[in-house]
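We did not get these values from a lab; they are worked out from the coordinates using the rules stated. In this text, all values refer to a predicted model and were calculated from it rather than measured experimentally. Using ideal geometry, Cβ is built from the backbone for each residue, glycine included, and neighbour counts are taken over all protein chains shown.
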Ligand SMILES: Cc1cc2nc3c(=O)[nH]c(=O)nc-3n(C[C@H](O)[C@H](O)[C@H](O)COP(=O)(O)OP(=O)(O)OC[C@H]3O[C@@H](n4cnc5c(N)ncnc54)[C@H](O)[C@@H]3O)c2cc1C
Ligand code: FES
């Protein structure tokens, strides 16, 4: 199959408008006959399900949590970007498009990225209409802050809970459509496989997590909105249940996977403190506006932070990046921290953290000012660590945070399987090799609210003529049997190691070899190690309980089984890309002073992987830059 | 660190439940309470027993999915804290910790410590939204909202829907939850056209779901992780009285 | 009927009873005056009460309030019990709320017992003429003062009347503020003031009513 990105012809500024003008429409009476499955109830899924239902389609929506309101979009803190130019500081759709493209190190499509910026302003209008209590100025207009190292203030926010407020708005709209019986909601249902009939996505197989029942759902189109898969690292800022299962199964059924290894590592999370830790909590990036990051100049320095005099501290970001200092972008700050930690200068119990120190800011601005700005973060820090950060520096550490990679989609957000769409964090669309802060809530929302509802008709119009296969179609039976047999197999192993044990092992390999900095040798070794983990898992894992009941241990094991396979693809992808770009840093490709070296000559493409009976075949979607010339990102 | 867990075990909604005691070693003070349960579950798996089912997801205090009754308090001994934010340093070495599911008629037990809180979703369905189709919005700054109004609205919008308010309430009242959502929208100009329908619809549903009525013990505001004040309930009442008296 | 309606009846009747208590206590304060003045004023006052039409209406309102308050308290408590699932094995309620707020029903029952006895002691004798007849004083009024005086020279009654003012205080402290909130008083700073007022009111009522029998006893 060739990769057709379906980018509309015409000027960049006109592409989306002309696409909409030309796409097929479906009359309301016919929409009622069409059934769409939306897997996921995050900002992408809830927005899509609600909007599609409003348009008249029959929608069924799934989430694994007990309520759609708990999708992990809820955890986003910082804000959402939009090119409103309310601050009159020179922002525009064009500038936002450029920042995003450059921030992603020129590894995404111009047309998609432009559309992202173009639809950002109407999205804010939409959320305000839905009652999101965004921060306001005294005069009653919306307030903005700057975020993620861009030079304009374009971030809209609702305290430190922007994601929560946006998700609740989407959830409320979803609830409205559930009440209207236009959406049937299946909470505590995990989609375990996709049913493809004659090359088109026609349904899913899901497990009712409360009863263990395996169910079949047939439809005219399937939309995946299952969020990020960074739990493959085990320790991440994601929720415990976040998984890659639905997209992985889709991949195995023929959907191409793009840039799987592009993962954003966030520099300011709380460090791991013990082996049994289950997740890493994000501390807002805004702390870097006033905190100074340092490590001791002496290796294995066991003194308390306050006992280390100024001249024995290494403010390494300020040293390496004098012009951006502590505000260097995420990928750079994370990598610099890793470099120091690996070199033996890490602090904390497990020597895996760096200091984020407010001493100077408190001396200069006073404790009150700091408390006013970051009080809630300091108290959250104290809740988790028991440490008062006004007295001693915080300890922070990089953590896996966001998957830029995901299912390959075209301009219509359709995967390489006709009728199967991927929206939100689970696709690879606008962020390239690195995502800018506050751009993800944006992408995820516009995918669901604005783009998909305007592109899916283009496909469904063709489906009207066909009859929807019924759930007794042999393909449904076959896929269901496969799901059941996988569950049966896992339960039958009755080995001697827990799922968590395997997950920890996988996480360590991935974190070591496929996170902030990668190299050929390490990746090759990692692939072998992960294959061993896979073998061992299928021989030695022990899962108790049954399939026909609520069984959290089984859920974990099923997710991990998919993560293990996905991890192999991630390492394969990282190995193939012999350049450093964005979050993907290959040690072999760096300048003398340790900066990333991109190779546009050979790698100006998106790596698109096809599943091939346990192996992966590479396709290349070459990126054309018509409007912007790729430049070198430098933060020196 | 060594802990004795006394945990409610119940196979399913219709089975009898009982407490089981587990002595568990090898915990550390830095572990979160849920990690201690993970640790226990790993031991159970290795012994061939079924794991303790408990709800959780984000583990950072925002999704509202976690929530159990720990040593006689919703979400454990601290005020305004979710179960996932609770750490083992809040307990003494050798202590016995009693863990029960949330108890309320409207929150039936699904399994072990997991309860069914979908009644909350059904309350939301009765009007916690603004009826406006995607793509029909006017320019955002066309509606001016005073900062104080936006801030007050945000104070209550912060509800995470965990259900601790119901769990701790001697009447199993959902008044704090329902009022928070009603007030969030009814305070804003966007929420005005449907303010009355929302108020009546959601409060009626609260009763249909068999939640009790509020007698202002204020236990809910102490347990609420989002620190929502019971003045929110009083405000909902004010709206109700006004609606009934003046239409 | 909606839960708001039930709670509003409870609150409104409660508030009415609170006002009544205020008036009742100020009248009872007359008992603290020297005997000669107190007897005349007190007996005169109670005669006026018995004969005024307005007061009659108010009195019926009062009876109704009391009855509705008790009946609706019963209904609300019953409904709330039904909403509550199985009880917790361990429940540290007092860490999150006051004991009184958790036990308004028990407190209310104690107060009800008190009211019954109190009505038998006075209302039944003075108003209904049941039991020992009440004499008249020099001014020709029924000598309610005498009834009170005799009653409060029985140490058991003194103890009963004084000790049961404790539950009254607790009940009022929670009830007053709760009633305001039920009826929709939500001003944030106002609520802090309301809490203080409720406390002061509860203390004045319970201490006030409690010391009268004691003082009369020692008169
Ligand atoms: C801690 C944190 C902070 C962040 N802060 C910001 C920020 O400030 N600004 C910003 O722009 N972005 C931020 N992000 C990123 C952003 O929040 C996410 O990328 C975005 O919300 C993802 O939305 P989504 O709808 O794609 O996925 P999610 O919200 O994760 O939703 C996934 C949905 O899929 C369901 N699901 C998953 N698997 C299955 C399955 N197998 N079967 C059935 N259902 C399934 C889940 O139940 C859920 O409903 C942050 C992310 C994190 C983790
Ligand atoms: S797990 Fe999300 S709030 Fe506790």
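Take each residue in A:134-142, count the other chain C-beta atoms within 10 Å of its C-beta, and the mean is 6. The Rg/Rh ratio of segment B:3-111, with Rg taken over Cα atoms and Rh as the Kirkwood radius over Cα pairs, comes to 0.93.
Stretched out straight at 0.36 nm per residue, the stretch from residue A:520 to residue A:92 would grow longer than its current Cα-Cα span by 150.0 nm. Peptide B:117-126 has a mean of 5 when you count, residue by residue, the C-beta atoms of other protein chains within 10 Å of its C-beta. For residue B:13 and residue A:252, a Förster radius of 35 Å and the Cβ-Cβ distance give a FRET efficiency of 0.50, rounded to the nearest 0.05.
Only helices enter the 222 nm calculation for chain A: every DSSP H run of n ≥ 4 contributes -39,500 (n - 2.57), and dividing by all residues gives -11000 deg cm²/dmol, rounded to 500.
Its Cα gyration tensor gives segment A:474-601 an equivalent ellipsoid; the semi-axes, largest first and in whole Å, are 36, 16, 11. Per-residue shielding of C:70-76, expressed as the average number of other chain Cβ atoms within 10 Å of the residue Cβ, stands at 1. Compared with the rule-of-thumb size 2.2 N^0.38 Å for a compact globular protein, segment A:401-533 has a Cα radius of gyration ratio of 1.42. Dividing the radius of gyration of the alpha carbons in chain A by their Kirkwood radius gives 0.95 for Rg/Rh. Put in line by how crowded their Cβ is, counting other Cβ atoms within 10 Å and starting with the fewest, B:216, C:16 read C:16, B:216. Size check on segment A:293-366: the Cα extents along the three principal axes, sorted descending, read 30, 29, 19 Å. Here C:8, B:173 are placed in order of increasing Cβ neighbour count within 10 Å, fewest first, which gives C:8, B:173.
For the protein assembly as shown, what percent of Cα pairs sit more than 58 Å apart? Tail fraction, whole percent: 20. Judged by the ratio a/c of the largest to the smallest principal axis of the C-alpha gyration tensor, segment A:267-400 counts as rounded, that ratio being less than 1.5. Per-residue ellipticity at 222 nm from helix content only, as computed over chain B with -39500 (n - 2.57) for each DSSP H run of at least four residues, stands at -10500 deg cm²/dmol.
For chain B, the Kirkwood hydrodynamic radius from C-alpha pairs, put into Stokes-Einstein at 25 °C and a viscosity of 0.890 mPa s, yields a diffusion coefficient of 126 µm² per second. So if I average 1/r over every pair of distinct C-alpha atoms in segment A:1-76 and take the inverse, what Kirkwood radius in Å does that give? That comes to 15.0 Å for segment A:1-76. Placing one equal scatterer on every Cα of segment C:137-178 and applying the Debye formula, the log10 ratio I(q)/I(0) at q = 0.31 Å⁻¹ is -0.95. Between the C-alpha center of segment C:141-219 and that of segment A:616-636 there is a gap of 81 Å.
When the Cα atoms of segment B:118-246 are aligned to their principal axes, the ranges along those axes come out at 46, 31, 27 Å in descending order.
Over chain C, dividing the summed -39,500 (n - 2.57) contributions of all DSSP H runs of at least 4 residues by the number of residues returns a 222 nm mean residue ellipticity of -24500 deg cm²/dmol. Estimated from the Cβ-Cβ distance and a Förster radius of 30 angstrom, the FRET efficiency linking residue A:590 and residue A:151 is about 0.70.
Fewest-first ordering of A:138, A:603 by other beta carbons within 10 Å of each residue's beta carbon gives A:138, A:603. Once the Kirkwood radius over Cα pairs is known for segment A:89-187, the Stokes-Einstein relation at 4 °C and 1.567 mPa s delivers a diffusion coefficient of 83 µm²/s.
Based on the Stokes-Einstein relation at 20 °C and a viscosity of 1.002 mPa s, and on the Kirkwood radius from alpha carbon pairs, segment B:65-179 is assigned a translational diffusion coefficient of 127 µm²/s. For the residues C:90, C:205, C:104, a GNM of chain C with alpha-carbon springs under 10 Å puts the largest fluctuation on C:90. Considered as an equivalent ellipsoid built on the Cα gyration tensor, chain C has semi-axes of 35, 19, 17 Å, the largest given first.
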